[in-house]
Amino acid sequence: MNDALDPSAQLRGSESARVEAALEQQFKSPFAKIALLRIAAAPDPRTAEGEALLKQVTATIRRTPGVQGVLSYLDRADSLFMGQDASPIIIVGVNAPKGGEDALMIRLRATTDALHALLEEKYPALTFGWTGEAAVNADMRRLSAAETRAAEWRVLPLTLMLLIIAFRSLVCAILPVVCGALTILVSLAALAVVNLFWPVSIIVVSIISMVGLGLSIDYALLIVSRYRDGLDQGLSRGEALAQAASRGGRTVVLSGLTVAIGFAAMLLVRVSEVRSIGIGGLVVTTVAVLVARTLLPIVLAWMGPWIDAAPPGLAPRQNTGQAWRRWGNWVTRHPLSVLAVTGIPLALLAAQAGNLRIDLPRGRWLPESAQSVRVLHEIDSVARGNFGQIIQVVLYFPPQVTVHDEAGWRAESRLVRFFARDARVQHVWAVTTLSAMPLAGPETLRRVPEETRRSLLSADGGAALVELLPRQGLAATDAADLVRDIRRTNPQTLTGLAGTRLEVGGVPAFNVDYASAIRNTMATLVLSVIGATLIVLSLAFRSVLIPLKAVGLNLLSVAAAFGAVALVFQGPGSWIVGLDHPMDGGFPILPVLVFCIVFGLSMDYEVFIVARMAEGRRAGLGDREALVQSLAGTGRVISFAASIMVMIFGGFVFGEFVLVKILGFALGIAVFLDATVIRLAVGPALVRLAGRWNWWPGR
């Protein structure tokens, strides 16, 4: 299975994509995309009874719409198509339109359910189990939606309770939650429209829920707090609302713009899965900003005095800005001490990021509650090879040479023998292996059925397909290493024929291309995010130092998040997140997701503080007084907003999806550190030390 387990994770122009296209176009192979069916507790297909049952099953499956071909022990009397317990393993070639994979798996499962009902009386223990990329993807989408709903229900009551404590008002507490729910619903609706034309990644639903709920509550907290601050200052409701919508609204737009930069950068990665996540993030960020800028002020104006309606028995609001003012005064008086106490531990945590491994993890990391995952593991335990990691090698002959010639036949035979000698390969399928005669030549092709021959040869014979079945238990990482080894070899040396070339495809090759595409784009992505953020903040605050400081602290926040992931998921803290043992790898997509999302979210609170500080400077306050006032005005909002966002992200840590679990943990840790150590301690200390240079070259 690939790292993302998603058909939307396509790599246009990559070698694995070219091989997939060749299988469909040049070879007309019905098995370019496959599903696997295991029949447990079935009679041995080498017996008459088992053969009859297998014929009945395969004939029924062939008639299912979307099935292009069926390959079993009946077609190739090979023990590889049986488990060690003699259970048949059937390879089914499937073809579904974009977005139609789930519907196809529903039809296939309905077909085997009907067969089970028909055969249950004669074979009471008989079971059918589907797996393979299409089946796993269908289950992952279903489980992802269920886990996302469960996470939302886990955090919503706690979120509401924290908001009631923050605002001392039931109405004010409900408003941010309503904004968050509306943002998620509108974003998912927009995503459903996108999915009609371009299948999106499984993880997008979780990201929209995490980011949408967190951002909406952050922005609603800011707008409502500014509104109530205006009321406390003696402004009329109209004046307070105008001030909140104007000043708070500008802050929300600027914050949303910095968050959007991270998601927009994902469009630079030539992996459609990453791009779909970027589009989903842009959609949810835009909706969150629009809800806060348009709908929320309208609701506040409509509610009038009901805004202060408090639950019975709840003490009225008190001015808590004094505590944050005292903290601001202390930080501004002791900036070097603050940097030493908070910055050194943070730097040590960030240094652990160097130990983070992002290659595919070994072992079982897919959700065990999915039937397709359980069947996959059953096949892995009984099969005589690793059917989930089949490698497809296309051998292209030089001009005027085909496999029908002696030279072409010998070249493919040499290549097949080379692969067969590799200890990582269990079996090799090719046209030269179809005959049992040791000295067979191209004349044997006349006796091969047309369907079989066309699945292994191009129409003109100028290209031949060689399929490698890795040995049982070979990890995805090792299969990827095998692909890299094949690509590094000289095909002319392997085949003994000048002018030959090889292209390698299959799931392991996709994993290699996927990791390479992300690795090759990472530097450009990071520089683009940093550059765009610097430009936006420089224009917004007319300063050079403030954007540089903000970006530097953001990079520290990202590094600290990576360090925490390395210590917890790949170190001694794995038990904290419910893992039985530390992971020996991660996911190639992890650095992109964490960097782009954390960088944008971390800038959220920086914008809150600096925007408030800039207001103080424009009002005539000195640098120190403006900083203290900013902390007094935003400290409470940031603390509650961060607590809620950490809780939202933490709700996804308890699911089964390891990638979503890591992402939720990384985002939660990053927001926690950013809202406590970085923005309320390290950042203010640096601002105090910089003094008037914070605003250079502006005033």
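Pairs of Lys residues in segment 1-130, spaced 8 or more positions apart or belonging to different chains, with C-alpha separations under 30 angstrom: 5 in total. Charge dipole of the chain (Cα centre as origin; +1 on each Lys and Arg Cβ, -1 on each Asp and Glu Cβ, all else neutral): 2300 debye, rounded to the nearest 20.
Its residue count N fixes a reference of 2.2 N^0.38 Å for the chain, and the Cα radius of gyration divided by that reference is 1.13. The simple spin-label model puts a point 7 Å past each Cα toward its Cβ; for residue 127 and residue 145 those points are separated by 2.5 nm. If you plug the beta carbon distance of residue 118 and residue 64 into 1/(1 + (r/R0)^6) with R0 = 22 Å, you get a FRET efficiency near 0.90.
Dipole of segment 1-142 computed with +1 at Lys/Arg Cβ and -1 at Asp/Glu Cβ about the Cα centre; of 53, 68, 132, farthest Cα towards the positive end is 68. Each other residue within a Cβ distance under 10 Å of residue 623 adds +1 if Lys or Arg and -1 if Asp or Glu, for a net charge of +3. In this structure, the amide hydrogen of residue 198, modeled 1.01 Å from its nitrogen in the peptide plane, lies closer than 5 angstrom to no residue at least 5 positions away or on a different chain.
Each peptide among 479-491, 592-604, 128-140 gets the average number of other Cβ atoms lying within 10 Å of its residues, and from highest to lowest they stand as 592-604, 128-140, 479-491.
The distance between label points at residue 246 and residue 165 comes to 3.5 nm (points 7 Å beyond Cα on the Cα→Cβ vector). Calculated mean residue ellipticity, 222 nm, the chain: -19500 deg cm²/dmol, from DSSP H runs (n ≥ 4) at -39500 (n - 2.57) each, averaged per residue and rounded to 500.
Of the residues 350, 189, 144, the one whose Cα sits farthest towards the positive end of the charge dipole of the chain is 350 (charges of +1 on Lys and Arg Cβ, -1 on Asp and Glu Cβ, taken about the Cα centre). Largest accessible area first, the listed residues 123, 514 line up as 123, 514 when surface is computed with a 1.4 Å probe on the assembled protein chains. Against the chain, whose longest principal axis comes from its Cα atoms, helix 406-420 is set at around 60 degrees. Can you tell me the orientation of helix 133-167 relative to the chain, as the angle in degrees between its alpha-carbon axis and the longest Cα principal axis, to the nearest 10? Relative to the chain, helix 133-167 is tipped by roughly 10 degrees. May I ask for the distance between the Cα centers of segment 632-698 and segment 153-211, given as a whole number of Å? Computed from Cα coordinates, the inter-centre distance equals 19 Å. The length gained by stretching the chain between residue 444 and residue 78 to full extension, at 0.36 nm per residue less their Cα-Cα distance, is 129.9 nm. Measure nothing but the geometry: give the 0 to 90° angle between the long axis through the Cα atoms of 170-197 and the longest principal axis through the Cα atoms of the chain, rounded to 10°. Helix 170-197 sits roughly 30 degrees off the main axis of the chain.
The values are calculated or read from the model by the stated rules, or taken from the named source; none is laboratory data. If you're wondering where the values come from, they're calculated on a predicted model, not measured in any experiment. Positions of Cβ are backbone-derived with ideal geometry, glycine not excepted, and every protein chain shown enters the neighbour counts. Just so you know, the surface numbers come from the protein's heavy atoms only, side chains and all, with ligands and any DNA or RNA stripped out. Shrake-Rupley method; radii C 1.70, N 1.55, O 1.52, S 1.80 Å.
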